[in-house]
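Colleague: The structure under discussion is supplied below as structure tokens; questions concerning it will follow.
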Amino acid sequence: MTDLYLTLAVFLLVNLLAALWRIARGPTPADRLLAALLFGTTGVAVLLLLAYAGGGAALVDAALVFALLAVITGAAFVRRIWREESNGHS
Amino acid sequence: MDILDLLSVVLLIVGAAFFLAGTMGLLRFPDVYTRLHALAKADNLGLGFTVLGLALQAPGVAAGLKLVLVWLLALAASATLSYLIARRAFAKGIVPWKPEEREP
Amino acid sequence: MIFDLLLAAALLWSAVQALTTPDLFRAVVLFIVFGLLMALAWARLDAPDIALAEAAIGAGLSGALLLDAVGHLRQKRRERSP
């Protein structure tokens, strides 16, 4: 099972590298932030897989913090940066 | 390999497939709303299947419930953020994408 | 092994991009992404407590604070040149 966990972790990391392209290109600020949120979720999955591949149960706590972080970042973005009066292109 | 391991392998691979679908959607879809849709697939179904597949291998009930707790937190975060971002995008006047009309 | 190499490449790329991009908001998003990848690297190096701290402080709190700062800067610039 450990081999499968590590293979899937590598696969998810390749997904993350593909999402980096959207951060580099993203026409509106929201697209960049959505890619960052995808990083958070996929990071949770990678951490859980690493935890069960022999990394220890403490990694599950780190995954919990990852899931919590997305709300803080997204709320700060919506409240502080993406106001109505500014146009869509940064 | 008993039946529980087999089920776990299937669930993990389905979860990874949903993550792939979410990433492809984020790269290929045309505007903010459709990309939110793709992100929700990765958040809810991809992480959900991965957590289910791992929870079958958990050493105890408490460890399995903790995994499910991570998933529930991610669900709440994803739903709240999708609502906030979509509402702000609509208030800013970003028009939802429509497929181009084809002349018959 | 492949995992570590990919992680190192992504870390280097996001760090270079965050330092050289002219757009402030893009730099902040790349900084957040760098923090998340760094937390994965700490987890890979058998240091789960440092991964926890990096995810909470490095990517989360300072990311939100930097986003707030960018918002304030934009508002100031808008007030100065209407």
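The values are calculated or read from the model by the stated rules, or taken from the named source; none is laboratory data. The model shown is predicted, which means the values in this text are computed figures rather than measured ones. With ideal geometry, Cβ positions are generated from the backbone for all residues, glycine too; neighbour counts draw on all protein chains shown. Just the protein is used for accessible areas: all its heavy atoms, side chains included, with ligands, DNA and RNA removed. Shrake-Rupley method; radii C 1.70, N 1.55, O 1.52, S 1.80 Å.
Colleague: How would the protein assembly as shown be classified by its alpha-carbon gyration tensor: rounded, prolate or oblate, with rounded meaning a/c under 1.5 and the a/b versus b/c comparison settling the rest?
Modeller: Taking the square roots of the gyration eigenvalues as a ≥ b ≥ c, the protein assembly as shown is prolate.
Colleague: Another question, if that's okay. Just need the relative contact order of chain C here, percent rounded to a whole number, with Cα pairs under 8 Å and 6+ apart.
Modeller: Computed over chain C, the figure is 26 percent.
Colleague: So, for the range C:18-82, what is the accessible surface per residue at a probe of 1.4 Å, expressed in square angstrom?
Modeller: Per residue, the range C:18-82 has 54 Å² of solvent-accessible surface.
Colleague: If you take the accessible area of C alone plus A alone and subtract the pair, what total do you get in square angstrom, rounded to 100, with a 1.4 Å probe?
Modeller: Accessible area lost upon association: around 3200 Å².
Colleague: Near residue A:63, within a Cβ-to-Cβ distance under 15 Å, what is the net charge of the other residues, with Lys and Arg +1 and Asp and Glu -1? Show your work: numbers first, answer last.
Modeller: Details: positive: B:66, C:44; negative: A:61, B:43, C:49, C:54.
Summing Lys/Arg as +1 and Asp/Glu as -1 gives -2.
Colleague: If you average 1/r over all unlike Cα pairs in chain C and invert the result, what Kirkwood radius do you get in angstrom?
Modeller: 13.8 Å
Colleague: Just going by the charge dipole of the range C:1-73, with Lys and Arg at +1 and Asp and Glu at -1 on Cβ, which of C:34, C:18, C:2 is farthest out on the positive end?
Modeller: Checked the options; the winner is C:18.
Colleague: Averaged across the residues of B:34-46, what count of C-beta atoms belonging to other chains lies within 10 Å of each residue's C-beta?
Modeller: The per-residue average across the peptide is 3.
Colleague: On to the next question. Can you list which of the DSSP-assigned H helices in chain A have a Cα extent of 15 Å or more along the long axis and an average Kyte-Doolittle score of at least 1.6?
Modeller: A:29-50, A:58-76
Colleague: Can you figure out the FRET efficiency of residue B:68 with residue C:2, using R₀ = 30 Å and their beta-carbon distance, to the nearest 0.05?
Modeller: Between residue B:68 and residue C:2 the formula returns 0.50.
Colleague: Relative to the longest principal axis of the C-alpha atoms of chain B, give the angle of the C-alpha long axis of helix B:3-28, reported between 0 and 90° and rounded to the nearest 10°.
Modeller: Long axis of B:3-28 versus the principal axis of chain B: about 20 degrees.
Colleague: So what is the 222 nm mean residue ellipticity for chain C from helices alone, if each DSSP H run of at least 4 adds -39500 (n - 2.57) and you divide by all residues, rounding to the nearest 500 deg cm²/dmol?
Modeller: That calculation yields -26500 deg cm²/dmol at 222 nm.
Colleague: If I take every Cα pair under 8 Å that is 6 or more residues apart in the range A:2-81, average their sequence separation and divide by the length, what percent do I get for the relative contact order? Can you show the working numbers first?
Modeller: Numbers: 63 pairs, mean separation 24.9, N = 80.
Dividing the mean separation by the residue count of the range A:2-81 yields 31 percent.
Colleague: Ignoring ligands, DNA and RNA, what percent of the 1.4 Å accessible area of chain C is carbon and sulfur?
Modeller: Working: 3190 of 4490 Å².
Solvent-exposed carbon and sulfur of chain C make up 71 percent of the total.
Colleague: May I pose another question? Rounded, prolate or oblate: which fits the range B:3-91, taking a ≥ b ≥ c as square roots of the Cα gyration tensor eigenvalues, rounded meaning a/c under 1.5, else prolate when a/b beats b/c?
Modeller: Oblate is the answer for the range B:3-91, as a/c is 1.5 or above yet b/c matches or exceeds a/b.
Colleague: Just to confirm, what accessible area per residue do you get for chain A at 1.4 Å probe, in whole Å²?
Modeller: 34 Å²
Colleague: If you take the accessible area of B alone, add that of A alone, and subtract the area of the pair, what total do you get in Å², probe 1.4 Å, to the nearest 100?
Modeller: Working: alone 7800 and 6480 Å², together 10510 Å².
Heavy-atom accessible area buried at this interface is about 3800 Å².
Colleague: If you fit an axis through the alpha-carbon atoms of helix C:62-80 and take the longest principal axis of the Cα set of chain C, what angle between them do you get, 0 to 90°, nearest 10?
Modeller: 20 degrees
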